[in-house]
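Engineer: Sharing a structure here in structure tokens format.
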């Protein structure tokens, strides 16, 4: 595991600008980025973000990208294309036709309930150098599930890349304290009073 | 709507070869392509397939790609990247923070039940020239849901692109009879006796 715990506080300007232009801040710490990340995707912004992730992990050996369906698929695919490595997406429902699976339980903060996720042992194997990619980092529950799956597989977690981190929730802090290299392209310190404040 | 009803029966060689090499045929007409499409994705094959779709719709004006989460996201993203247009993914669950939605009901053949899907009116609008992309075409229920959403939005369906079509199920035939340009990169005539037979 990469032990570079440096907190990269630099927000990636194209994403920061887009959030300020098109992000919508709702009551309760919710940031809507539907028009360019979650519901509609701008492939040019996605390309720019993926290349920024490539740069931030320029010194890491990456054999595979891992993500959780569905929101992480888009950035994971684009990143894998540029890095020329396979993507594996962890499934939220165990497919009927799939066996030989690793499973773990993830707590959903929004739904206040646990759900199981799984990945085939065929696609996450001992010694694989794996980068986890997702759209949002908040409480880090999905990330913890990924850590468990990677440990079960005896694979090697290279680091974690997120498009947007909410630093007022505890996920990023805890993951970095574990020694994981966490890179987020935009770090939001506060959404209080429906005002978007980035970490500087 | 494009009225080119020509059935393109040519299987895209890189996909056909990969299916023959890594596809697994199970009882009941199931084709597992987990190792390169559904669970693990090979970005090079994805790139080649996307470029092939670009070619097959070379004469069509495409403003937007539409897909349904989660399995269609990967090909839709890559295609949108090459065509330099936005992707919209139709959601299987109505997000709590989303209003101004178009909704329709899709029948799930595997689950023998209906489910609702939705898309924001902000991202599927009157006059948009839309290409629908998905991984599999079987009975065409998802495709019919997309047609309904596109009609509700008064958008224009340019056509539909699928990675794999099961021609022994009725979706492709019905969609082509409706005058829709349907392009599938691999068309499978039969999976009887767990043998993969392509349409020639």
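The values are calculated or read from the model by the stated rules, or taken from the named source; none is laboratory data. Predicted model only: the values in this text are computed from it and were never measured. Cβ: placed from backbone, ideal geometry, glycine included. Neighbour counts: every protein chain shown.
Here is a yes/no grid of residues against (1) closer than 25 Å to residue B:92 by Cβ; (2) modelled with pLDDT of 90 or more:
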position: A:8; (1), (2): no, no
position: A:18; (1), (2): no, yes
position: A:28; (1), (2): yes, no
position: A:85; (1), (2): no, yes
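Engineer: Which of the following residues is touching a residue at least 24 places away in the same chain (Cβ under 8 Å), surrounded by fewer than 19 Cβ atoms within 10 Å (Cβ to Cβ) and at the interface with another protein chain (Cβ under 8 Å from one of its Cβ atoms): B:47, B:32?
Structural biologist: Of B:47, B:32, the one residue that is touching a residue at least 24 places away in the same chain (Cβ under 8 Å), surrounded by fewer than 19 Cβ atoms within 10 Å (Cβ to Cβ) and at the interface with another protein chain (Cβ under 8 Å from one of its Cβ atoms) is B:47.
Engineer: Within segment A:94-101, identify whether any single residue is in contact (Cβ under 8 Å) with a residue 12 or more places away in the chain, within 19 Å of the chain's Cα centre (by Cα) and exposed (fewer than 14 other Cβ atoms within 10 Å of the Cβ), and answer yes or no.
Structural biologist: Checked segment A:94-101: no residue is in contact (Cβ under 8 Å) with a residue 12 or more places away in the chain, within 19 Å of the chain's Cα centre (by Cα) and exposed (fewer than 14 other Cβ atoms within 10 Å of the Cβ).
Engineer: How about segment A:132-178: which of its residues are assigned to a strand (DSSP E or B) and closer than 22 Å to residue A:63 by Cα?
Structural biologist: Matches in segment A:132-178: A:132, A:133, A:134, A:135, A:156, A:157, A:158, A:159, A:160, A:161, A:162, A:163.
Engineer: Continuing with the same structure: Give segment B:50-69 a look and list any residue that's facing chain A (nearest Cβ under 10 Å) and surrounded by fewer than 20 Cβ atoms within 10 Å (Cβ to Cβ), or say none.
Structural biologist: B:69
Engineer: Looking at segment B:114-131, which of its residues are more than 14 Å from chain A (Cβ to nearest Cβ), closer than 24 Å to residue B:58 by Cα and outside any loop (DSSP other than H, G, I, E, B)?
Structural biologist: B:129
Engineer: Continuing with this model, one more query. Under 8 Å by Cβ, and 6 or more places apart or on different chains, what pairs join a residue from segment A:70-86 that is more than 7 Å from every other protein chain (Cβ to nearest Cβ) with one that is in a helix (DSSP H, G or I) and modelled with pLDDT under 95?
Structural biologist: A:71/A:38
Engineer: Quick one: residue B:135 ticks every box in (1) over 12 Å from the mean Cα position of the chain (by Cα); (2) buried (at least 19 other Cβ atoms within 10 Å of the Cβ) bar one, so which box is it?
Structural biologist: (1)
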